[in-house]
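Here the structure is laid out as structure tokens; the discussion comes afterwards.
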Amino acid sequence: MSAIIYTSESGYTKKYAELLSQGTGLATYELKSIKNAKISKGESVIYLGWLMAGKIKGYKKASKLFDVRAVCAVGMAAPGM
């Protein structure tokens, strides 16, 4: 793995990405700021994104740019849903 890429709306996914970074030693980059990152297209990454309407936000874009090897979805719903 080369890095951890994430998309965060409220900041929780960013926090999880940073925790994962601490545990793995991999650098973290926000997907919307990826042009400024020191990572090349096609590199193997872990992707974290938040859930909305059953989809992981940003995954489609991340999978076009990188070799996504693992995905983590962050979200919550009311009990019983």
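Quick notes on this structure:
- Restriction of the trypsin sites (Lys or Arg not before Pro) in segment 4-81 to DSSP coil positions whose beta-carbon has at most 14 other beta-carbons within 10 angstrom yields LYS38, LYS41.
- Between 0 and 90°, nearest 10: helix 12-24 axis offset from the chain longest Cα axis: 50 degrees
- With each label modelled as a point 7 angstrom along the Cα→C-beta vector, the SER40-MET76 pair spans 4.1 nm.
- Estimated D of the chain in µm² per second, where Rh is the Kirkwood radius over Cα pairs and Stokes-Einstein applies at 37 °C, 0.692 mPa s: 257 µm²/s
- Placing +1 on the Cβ of every Lys and Arg and -1 on the Cβ of every Asp and Glu, with nothing else charged, gives the chain a dipole about its Cα centre of roughly 280 debye.
- Candidate lysines - alpha carbon under 16 Å from LYS14, same-chain residues fewer than 8 apart omitted: LYS32, LYS57
Every number here is computed from the coordinates shown, using simple stated rules; none is lab data. Note that the structure is predicted; figures quoted are calculated from it, not measured. Virtual Cβ from ideal backbone geometry, glycine too; neighbours counted across all protein chains shown.
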